[in-house]
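Pasting a structure here, questions to come.
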Amino acid sequence: MSAAPRSERFRQILESARKRDGASGVDTMIVSSHLSQLRLFMLRQGLEFYPSQDTFGFRKSFIAQLVEENEIDARLEGVIDDFLLDGKGLFYFRPVRDSYRIMWFSKENYRAYYDAAGGLEEVELIYSFQVREGLAAMPGTMGEQGSMRYVKLKVRKDTIVESISSEKPSFDQGVVQAIYSPATTRTLRNSLGFIPAIEAFNNMRSTGMDATGEFDWLAEHIVVHDEIVKNIRANITFYGNPTLVSSRPKHDLVETGGDTELRPTISSQAGFSAMGRPSTRVSQPLGSGGVGGMRVPRIIANIEANDRVAYITPDAVSGDQNLYAKQYREEIRSALGGVDEIGISTGATAYEIKSLYGRVATTAARKCRGLLTYGLCKLLGLIIYHEEQIFRDSFAAAIGMEKPEPPLREQFQDGQQFVQAVQMFEQAFGGYMQALDQKIREAVQNEQLPPGVVGLIPDGDRRIEWRWKGPVFEDSTEDILNSSIVVRNLQELGVNSIEALRYLFPDKTDEERSAMLSGYPFRMAQATQQSIGTFLSLIQNMRQIPHPQAPDLPMLADPRLDLTPYVYRALEFLKRELTYAGQYNDSTASGDPAGLDPIERARAERGLPAIVGPQRPSFVPDGTGGVLGGTGATGGQPMAGGVQQPGREPERDADIPLAGSLMGADPTGGPYPGGLSNSASAVPGGFQFGAADLAIPTNAGLVPGGDTGDELRQQRDRARERRVSAKRQQRKF
């Protein structure tokens with residue numbers, strides 16, 4: 001098998017496991033078994049997402065409601081399959097009125113572009129949905145329930161460009177494809193001020209923002225195992241039925257009376273059948289193993305003493321072939337970091353088998369770190385950050401604080417005046433934020449929030465953590481008892497209770513363990529009080545016993561025998577055991593997303609292109625009140641002589657189709673797919689030049705060169721000349 005068919009076969013194996021298509025003709029179960037095993041150990045009894053810090057108790061309920069609304073628990077199985085097969089994926093969210101919609105995009109459905117600092121600069125997303133009423137759908141776009149539509153989103157920090165078309169777009173779409181693939185396009189304002197996306201990587205390389213799939217480096221071995229299993233299955237199918245061996249003539253055993261009519265021969269009545277000829281016996285054969293039942297007497301009753309009639313069952317799969325296939329499968333699963341459940345050859349006892357599954361648990365924990373810790377949890381942290389910004393804005397509006405108005409470049413003719421205005425705005429904005437934070441702290445401490453405030457209260461560290469709701473292997477009562485004994489022994493050594501309880505409750509946080517220690521530890525208190533009493537009685541005895549080196553002084557007078565610090569330490573230990581409390585962490589560790597500053601947000605709200613700042617070299621006045629350069633996208637609304645464009649609609653209030661949904665009406669708003677909103681896609685006069693197959697978007701760009709339109713017009717002119725010449729010849733005759 002050449003390299004190209006092997007690569008195609010490997011892609012077929014992966015897609016069969018991704019779509020869970022059992023009818024795709026795939027024989028090897030390595031990919032499906034490994035995915036199933038990792039799904040089991042990555043999800044276990046379910047996942048729970050919780051905030052690392054939640055002083056007021058609002059974050060945990062907010063995250064739980066968010067997970068329930070987006071059905072994340074039910075979707076994580078498909079997310080894990082895409083994450084492992086592709087090697088990476090993208091989590092994306094967008095605000096939808098008062099909630100958030102969290103989506104997952106596989107490797108083929110997104111492109112993420114980074115800047116020099118390693119931050120997300122732009123994200124392109126492509127997904128599909130269906131429309132019930134597809135009256136004028138193009139050929140090949142009709143699904144089982146309606147017409148297919150495709151959405152392409154270009155997400156930047158200031159704008160979101162949405163395009164809906166009936167033909168699947170491409171990330172590297174050229175001019176020709178844009179002409180022949182009309183789409184309804186609109187530009188929305190990104191009200192978040194940052195790109196709400198996090199890219200998750202699996203098997204990330206040592207350098208660079210890229211990763212490899214779980215099975216890519218073992219593609220050759222997986223295809224070879226698929227061929228081995230296919231051959232074994234073919235041998236069993238071919239050699240599985242018994243073969244009749246006889247010394248009598250062939251026509252006495254398998255002679256037929258015609259092409260369609262079967263004569264009841266000895267072998268046929270006994271239940272035997274040829275490759276292309278069924279048996280004439282009404283009942284099914286008794287099986288291929290052994291010569292039991294009534295078959296042998298029927299054959300023996302019709303043969304003579306010198307005849308020999310018997311049947312044999314060939315060895316369809318040799319022992320070496322079976323052992324090699326089994327060992328090959330185990331080696332591949334071991335290389336993937338898993339365990340072959342069917343052929344565990346190194347596990348003799350239950351403890352050894354459980355130890356082998358520890359390798360699977362470690363592999364799954366690493367995968368969860370890439371998918372959840374650095375992926376979904378970071379995305380949930382961005383949502384918490386946005387909710388805190390909403391709280392700040394609504395709180396300022398509720399108490400009547402006015403935010404300083406940011407200056408716009410278009411309002412100044414002189415660039416130096418604009419720079420001075422920006423400096424004054426930065427000072428005023430800094431004072432505004434300090435005053436707002438002070439007002440928020442006072443309101444929170446007094447537990448008096450003004451009416452109309454929404455969002456989440458700023459509460460320091462915004463990190464979101466995850467944990468399993470239950471293990472794969474349940475702990476027995478003996479295991480729990482042994483863990484409690486370890487905790488007691490550690491406490492007797494002086495280890496504090498929070499640290500000791502890690503062995504009994506490893507999945508809980510320190511704050512949760514502190515909350516669990518709200519009761520009275522009577523045994524610890526009793527032991528500590530006894531130790532304090534021992535120290536005090538020892539001090540009393542040392543006061544009465546004279547010092548050996550100075551008989552006129554008691555032993556307590558020796559400074560080297562001072563027991564007071566030990567009494568203090570015992571009292572401090574008792575106090576700590578009775579007053580455990582959580583620890584507050586500020587938000588400096590979590591980090592804020594790289595978003596727009598107030599000036600850029602003001603420009604985006606007014607429909608102007610975002611500009612990084614006046615100190616950027618690309619910021620050059622053009623002499624007309626406008627600006628040349630900048631990093632933001634104009635979003636199809638350019639500036640003209642400094643005239644301010646109308647503001648864009650925020651994405652929160654815009655209706656963007658959901659991926660994979662079935663809509664009752666066409667969101668493009670026209671009888672034709674895409675609505676032909678682009679003037680470049682409309683052909684003058686409604687006449688289309690050239691053959692119809694050249695106009696199909698999938699064939700766009702196949703004509704060599706950049707003069708496709710000129711070539712089509714030349715073909716049209718030559719065809720017209722041939723028709724005119726043919727008419728002239730007819731007139732002559």
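Treat each spin label as a single point 7 Å out from the Cα along the C-beta direction, and report the ALA435 to ALA398 distance in nm.
The two pseudo-label positions are separated by 1.9 nm.
If you plug each phi of the stretch 405-420 into the Karplus form 6.51 cos²θ - 1.76 cosθ + 1.60 with θ = phi - 60°, what whole-Hz ³J(HN,Hα) values come out, in order, with x for Gly and Pro?
Working through the residues one at a time gives 7, x, x, 10, 5, 6, 8, 10, 7, 9, x, 5, 5, 5, 4, 5 Hz.
Determine the alpha carbon to alpha carbon distance for each of LYS60/LYS367; LYS157/LYS378; LYS60/LYS168; LYS168/LYS378 and list only those over 28 Å.
Numbers: LYS60/LYS367 24 Å; LYS157/LYS378 18 Å; LYS60/LYS168 40 Å; LYS168/LYS378 31 Å.
Table pairs above 28 Å Cα-Cα are LYS60/LYS168; LYS168/LYS378.
Let me ask you something else. Rounded to the nearest 0.05, what FRET efficiency do VAL419 and ALA659 give with R0 = 35 Å and r taken as the Cβ-Cβ distance? Could you check?
The computed FRET efficiency comes out at 0.20.
Report Rg(Cα)/(2.2 N^0.38 Å) for the stretch 475-578, keeping two decimals.
1.49
List TRP468, TRP104, TRP217 from most exposed to least, where exposure is judged by having the fewest other Cβ atoms within 10 Å.
TRP217, TRP468, TRP104
With only alpha-carbon pairs counted, each pair once and no self-pairs, how large is the Kirkwood hydrodynamic radius of the stretch 357-480 in angstroms?
By the Kirkwood definition, the hydrodynamic radius is 19.1 Å.
A further question on this structure: Give the relative contact order (percent, whole number) for the stretch 475-578; include only Cα pairs under 8 Å separated by 6+ residues. Before the final figure, lay out the partial values.
On the way: 63 pairs, mean separation 24.0, N = 104.
In percent, rounded to a whole number, it is 23.
What is the stretch 12-140 by shape, rounded, prolate or oblate, if you read a ≥ b ≥ c off the alpha carbon gyration tensor as root eigenvalues and call it rounded for a/c under 1.5, prolate for a/b larger than b/c, and oblate otherwise?
oblate
If you plug each phi of the stretch 361-368 into the Karplus form 6.51 cos²θ - 1.76 cosθ + 1.60 with θ = phi - 60°, what whole-Hz ³J(HN,Hα) values come out, in order, with x for Gly and Pro?
Taking θ as phi minus 60°, the curve returns 5, 5, 4, 5, 5, 5, 5, 5 Hz for the stretch 361-368.
Can you pick out the pairs among LYS88/LYS469; LYS439/LYS508; LYS154/LYS439 whose Cα atoms lie more than 30 Å from each other?
Details: LYS88/LYS469 25 Å; LYS439/LYS508 34 Å; LYS154/LYS439 38 Å.
Beyond 30 Å: LYS439/LYS508; LYS154/LYS439.
So which lysines pass the test for LYS19, namely a Cα distance under 17 Å, with those fewer than 8 places away in the same chain ruled out?
Partners found: LYS107.
FYI, it's all coordinate maths here, none of it is from the lab. Every value quoted in this text rests on a predicted model; they were computed, and no experiment measured them. Ideal geometry is used to build each Cβ from the backbone, glycine not excepted, and the neighbour counts take in all protein chains shown.
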